[in-house]
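Every number in this text was worked out from the coordinates using simple rules, so none of it is lab data. Treat the numbers as computed from the prediction; the structure is a model and nothing was measured. A quick note on method: Cβ atoms are made from the backbone with ideal geometry, for glycine too, and the neighbour counts reach across all protein chains shown.
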Amino acid sequence: MRSAVAGLELLEPRSVNEALRMMRDRGPATPLAGATDLYVHLNSGTLKPRRFVNRWALDELRRIASKRDGLSIGALATFTDCLRSPLVRRRLPMLAAAAREVGGVQIQNRGTLGGNVANASPAGDALPVLAAAEALVVLRSTEGERRVPFSAFYTGYRSTVMRADELIVALEIPPVAGKQWFRKVGTRLAQAISKVVIAAVRDARPRIALGSVGPTVVRVPRTEEALASGASIEQARRILEAEIKPIDDIRSTAAYRRRVAGNLLACFWKETS
Amino acid sequence: MKSVGQRVPKLDAADKATGKSRYVQDLRLPGMLEAKILRSQVPHGRIVSIDVTEAWKVPGVRAVLTAKDIPAKVWGYSKDQVALKGDRVRRIGDELAAVAAPDIEAATEACERIKVVIEPLPAVYGMEAALAPGAPLLHAARGSNLVQTHLYEHGRIEEAFSKAAKIVEGTFVLPAQQHGCLGPAGAIAEWDANGRLTMHDPTQIPFLVQRDLAEALDISPADLRIVQPCIGGAFGARLDLYPHEAIVALLAKKTGTPVRILFSRDEDFQTDPVRPRTIVRLRTAAAADGTLLGRDADILVDCGAYVSWGAMTPVVMVNTFGNFYHCPAARYRARTVCTNTQPTGAFRGFGNPELLFPMETQMDELARALKMDPIDFRLKNANRAEETTPAGGHITSCGFKEVLEAVRTRLKRPAAPAAPHLKRGIGVAAVFHVGGGARIYRSDGCGATVKVDDFGKVVVVVGATDIGQGMETAMAQIAAEELGVDVSMVRVATQADTDIRLWDVGVHASRTTFIAGNAVRLAAKEARKQIEDARAALKLPADAPLDKVVRAEHFRQKGRLITASVFYDPPTSMVDKANHGNVSAAYTWGCHGAEVEVDTETGQVVVKRIVAAHDIGRAINPMHAEGQVEGGVIQGLGYAMFEECVLKDGRMQNGYFLDYRMPGIRDIPEIETVLVETNDPEGPFGAKGIGEPPIVPIGPAIANAIADATGVRMREFPMTPERVWRALRGNR
């Protein structure tokens, strides 16, 4: 069923500062940008918030820029922006790979990196990339700005450390040394929600992050530690399969996800050797 | 031939490609209101109260209806359906109330404000559970959840199995499949001041809806007229009368204003008359030399909460069961069952994919067990032209051998895969299907009128319905061929309503090219004769152009119109009580070959290549025939590999395209299509139906290829990576 839209309120700020004041003074309000997740809930009648702050027009948050040897990606950068950015392709190719796997072209044109982070789905395609790259989430409110390490951003299923008056303004990615690798396994070859999604960096200190295998995107420190200290890929795989906590749902089963995660780890290790 | 056999582009293609075709979603009548239905969120329960007071307070609301406000009429396939439920709900999605308002938002808000109290009753979802003693009853009047038992038998079954060298058996589980039409269901109703109703309704059965809807509304069918807008896909989904059609008519009557109902995608998923869940227990016996001896089936078919065309599935299945291959003994029991799930209906192939997955799997198992090539094994037991089967089917044209050989030639064993965890294999499966109509009603007929006007334009008025399959173009080609004119001079009056068009039983059973094609061909032939007579009578030269002949007739006293009407009903019979009979005037034959690669670590099956060979009698339009084959292969690929309605407590968990997986372009393999032409003696220019057969054998061909690659037999659709992965591990 489609919800009635008559009871919804849309606020349209003309600047980031105005948006921040609206978040402070007119809350509770939900920021929206590409609205690709929001419309799904609107159409299915499960949309709970009534008041929205439309930040789509705030172009200053759309920039992708070099920051020292790393990147600063504005929260409103779309997946298409990420895909086309020479900077992203050079410094964070695994993000370009993830962006290519998000939905179809229309969704890539509307969906934003900030929205993917804020929506907090354990299946968010870009989230393992940000986790493996050890990104910082830049949060801003009328009181100022703070930077939260990606690993500390999620506190549980669809919950984050963001305060009600804060907006995500950017993602900052430190320089990533080593080979980057990304793979998504879905129910079909395109336009699918992942059963397992993985991003990994091959370095003296391997970094591995997975989506759809727990309530949030996860890093797997025990597996990383084992690989760093020279364990065989078979040993690492067993550790990984014990370390993650996938569930049965309509897209897959826990046993299958565990197995596929192990296979993906082996693929990563082989293809980056 | 100048028109028949030519690759004429679809006449409606340009309009469809440029968005000019008008679907029910595009139509707007002056003053039109929008309707919304409030649906039950309880799978089984007693309705205690429905309070609509608050709904009326939404500005603009013009009508709110509940069961109390409408005629107390019971209707439907088995007279167990009502438009709005008053005492009992039997599934999530049952219609409780309906609102008409100027826009969908207001109608939706009004629905959300209706207060419903339902006392839950125990519900039952599985067919076996529904048949168990003490199961909750859906329809008390029936005394049981069993709707009907269908029996069939020929030969001596016990003897056949006792002397067999090899017997294979298995239980096969098939899921509900959604049609997923691009155009969700919808309709517009308007009444005139004389109490006559016009429905703009994308139905597959305009003439039967005229009868059934009149019954549900308690009006005379003479006061009802059906206009079909362009239909955004059907595949069997629009083969019955559904509650929303009665509801929108009742709202229009109540408000005195045209009312439209359009389903959201979510609602379309909830109410779609899905392909029924089916469980088939089958065993098949063969002699050591590869002669088939017997087959024995016990089948359950899910009707859902109300009986619609899903209940007809066993009647279609038994046609294949009794006729396909030389099999001296066969025994069949199929039971249809009600459960607290969405009602099931017709779906392209109509029971044949459900039956031939088991049958063709066991043909493959027997061939392997007897160390025979699977194509040789099928050839040894193949039907032939001009034979009558034990079930009473009369085979006329038969290209079975040709389609098997076509696949044998084209399906090559693939090279060894790149890595040890990848396995490659090939498999084949065959199909037998009706191709000359299917007499499931007393009539299998269709009427056509061919008119030639004074500009030489030929207008075809035919009862048949175009649901995207290309009826319009095929009929134009047939009329053009018979009249010796160019296709560009022919118009098919697809916009005409039931007042003007000639009776037709509906678009189903791959019947339109054959049945309507014969009606159009005969009418065109008659019109041609009238033209020849006119030329002779008026002493016009033999090459006088059509427009000149027609004008000469129009411009004289006692002139004649060039117009001919023909009713064609094929020479067939309905089955008798024992399910014997020749229901179709022709049968079609097909064989698919599949090449797969199985990743034994993930269970992922990649279908690399499909060869699809079909005997279609004659291709009226080879391009469209190839399109039908490719479309059938893709839809069958979805059924076999991806699609499944996941239910929890009677609620569909994946009622949206994100998680209800139809194949995307990247999932579709190379498809090589082979059209075998056997020139059927009864078909128009030798043609037979091709709408359904291509969806049927693709699943078992893939399953047999998986068995070839891995040695593992899949007996459940969809063959998802998880299922294959578990099967590779002995289903642990």
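Per residue Cα convex hull volume for the range B:236-326, in cubic angstrom? Don't jump to the answer; show the numbers that get you there.
On the way: hull volume 11.2 nm³, N = 91.
Cα convex hull per residue, to the nearest whole number: 123 Å³.
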- Query: Amide H to amide H under 5 Å from B:Gln653: which residues, 5+ apart in sequence or cross-chain, H placed 1.01 Å off N in plane?
  - Reply: B:Val646, B:Leu647, B:Lys648
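Determine by what factor the alpha-carbon radius of gyration of the range B:445-568 differs from 2.2 N^0.38 Å, reporting the quotient. Intermediate results must be reported in sequence, preceding the final value.
Numbers: Rg = 14.5 Å, N = 124, 2.2 N^0.38 = 13.7 Å.
So the range B:445-568 has a normalised radius of gyration of 1.06.
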- Note on the structure: With the dipole of the range B:445-568 defined by +1 on each Lys or Arg Cβ and -1 on each Asp or Glu Cβ, the option from B:Gly470, B:His554, B:Thr498 whose Cα lies farthest towards the positive pole is B:His554
- Query: Across all directions of projection, what mean area in square nanometres is found for the Cα convex hull of the range A:179-271?
  - Reply: 5.6 nm²
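Explain nothing, just the number: relative contact order of chain A, from Cα pairs under 8 Å at least 6 residues apart, as a whole percent. Write down the numbers at each step before the final one.
Working: 565 pairs, mean separation 41.4, N = 273.
Relative contact order for chain A comes out at 15 percent.
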- Note on the structure: Under 16 Å by backbone N from the virtual spin label 7 Å along Cα-to-Cβ at A:Glu271, the residues of the range B:708-732 are none
- Item | Contact order relative to length of chain B, as percent, for alpha carbon pairs under 8 angstrom and 6 or more apart | 16 percent
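Which entries in B:Lys16/B:Lys36; A:Lys184/B:Lys423; B:Lys2/B:Lys558; B:Lys451/B:Lys558; B:Lys457/B:Lys539 show an alpha-carbon gap greater than 24 Å? Walk me through the numbers on the way to the answer.
Details: B:Lys16/B:Lys36 28 Å; A:Lys184/B:Lys423 22 Å; B:Lys2/B:Lys558 35 Å; B:Lys451/B:Lys558 18 Å; B:Lys457/B:Lys539 22 Å.
Result: B:Lys16/B:Lys36; B:Lys2/B:Lys558 exceed 24 Å.
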- Query: Cα centroids of the range B:194-208 and the range B:631-709: how far apart, whole angstrom?
  - Reply: 31 Å
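Based on the alpha-carbon gyration tensor of chain B and its eigenvalue square roots a ≥ b ≥ c, which shape applies: rounded if a/c is under 1.5, prolate if not and a/b is larger than b/c, or oblate?
On the way: a/c = 1.76, a/b = 1.07, b/c = 1.64.
It comes out oblate by the Cα gyration axes.
What size of dipole, in debye to the nearest 20, comes out for the protein assembly as shown about its Cα centre when the only charges are +1 on Lys and Arg C-beta atoms and -1 on Asp and Glu C-beta atoms?
Details: 129 positive and 114 negative charges, 417 e Å.
With Lys and Arg at +1 and Asp and Glu at -1, about 2000 debye.
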- Note on the structure: For the range A:61-173, whose charge dipole is built from +1 on Lys and Arg Cβ atoms and -1 on Asp and Glu Cβ atoms, the candidate among A:Leu87, A:Ala126, A:Val169 with its Cα farthest towards the positive end is A:Leu87
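Gain in length, B:Glu119 to B:Lys371, computed as 0.36 nm per residue apart minus the alpha-carbon separation, to one decimal in nm?
84.7 nm
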- Between B:Phe455, B:Met662, A:Thr30, whose Cα lies farthest towards the positive end of the dipole of the protein assembly as shown when Lys and Arg beta carbons carry +1 and Asp and Glu beta carbons carry -1, centred on the Cα centre? A:Thr30
- Charge dipole magnitude, Cβ of K and R +1, D and E -1 - the range B:284-401, Cα centre, debye nearest 20: 100 debye
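Roughly what percent of Cα-Cα pairs across chain A reach past 22 Å?
Details: 20880 of 37128 pairs.
When every Cα pair of chain A is considered, 56 percent fall beyond 22 Å.
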- Averaging over all projection directions, find the projected area of the Cα convex hull of the protein assembly as shown and quote it in nm² with one decimal place. 45.1 nm²
- Task: Sorted from largest down, give the three principal axis spans of the alpha carbons of the range A:94-147, whole angstrom values.
- Result: 38, 24, 18
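Starting from the range B:319-420, pick out the trypsin sites (Lys or Arg not before Pro) whose DSSP state is loop and whose Cβ has at most 13 other Cβ atoms within 10 Å. Write out the running numbers ahead of the final one.
Details: sites: B:Arg331, B:Arg333, B:Arg335, B:Arg348, B:Arg368, B:Lys371, B:Arg378, B:Lys380, B:Arg384, B:Lys401, B:Arg408, B:Arg410, B:Lys412; in loops: B:Arg348, B:Lys371, B:Arg384, B:Lys412.
Here the trypsin sites (Lys or Arg not before Pro) that fit, given the DSSP loop and packing criteria, are B:Lys371, B:Arg384, B:Lys412.
For the range B:445-568, what's the relative contact order in percent, using C-alpha pairs closer than 8 Å and at least 6 residues apart?
On the way: 226 pairs, mean separation 48.7, N = 124.
Reported as a whole number, the value is 39 percent.
Which loop trypsin sites (Lys or Arg not before Pro) in the range B:585-665, with loop taken from DSSP, have no more than 11 other Cβ atoms within 10 angstrom of their Cβ?
On the way: sites: B:Lys608, B:Arg609, B:Arg618, B:Lys648, B:Arg651, B:Arg661; in loops: B:Arg618, B:Arg661.
The qualifying sites: there are none.
Computed FRET efficiency, Cβ-Cβ of B:Arg442 and A:Arg50, R0 51 Å: what is it to the nearest 0.05?
Working: r = 58 Å, r/R0 = 1.13.
Calculated value: 0.30.
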- Just report the Cα centroid separation between the range A:160-222 and the range B:385-441, whole Å. 47 Å
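Taking the range B:348-434, which GluC sites (Glu not before Pro) meet the DSSP loop condition and have no more than 10 other C-beta atoms within 10 Å? Before the final figure, lay out each step's value.
Numbers: sites: B:Glu354, B:Glu360, B:Glu365, B:Glu386, B:Glu387, B:Glu402, B:Glu405; in loops: B:Glu386.
In loop regions of the range B:348-434 (DSSP not H, G, I, E or B), the sparsely surrounded GluC sites (Glu not before Pro) are B:Glu386.
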- Task: Along Cα→Cβ, 7 Å out, is where each label goes; now give me the distance between the ones at B:His326 and B:Glu159 in nm to one decimal.
- Result: 1.7 nm
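Suppose every Lys and Arg Cβ carries +1 and every Asp and Glu Cβ carries -1, with no other charges. What dipole size does the range A:179-271 come out with about its Cα centre, to the nearest 20 debye?
Working: 18 positive and 9 negative charges, 44 e Å.
Taking the Cα centre of the range A:179-271 as origin, the dipole is about 220 debye.
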- Message: I need two numbers for the range A:102-208: Rg to one decimal and Dmax as a whole number, Cα atoms only, in Å.
- Response: 14.6, 45
- Message: Please report the spacing between the Cα centers of the range A:135-154 and the range B:16-41 in Å, no decimals.
- Response: 46 Å
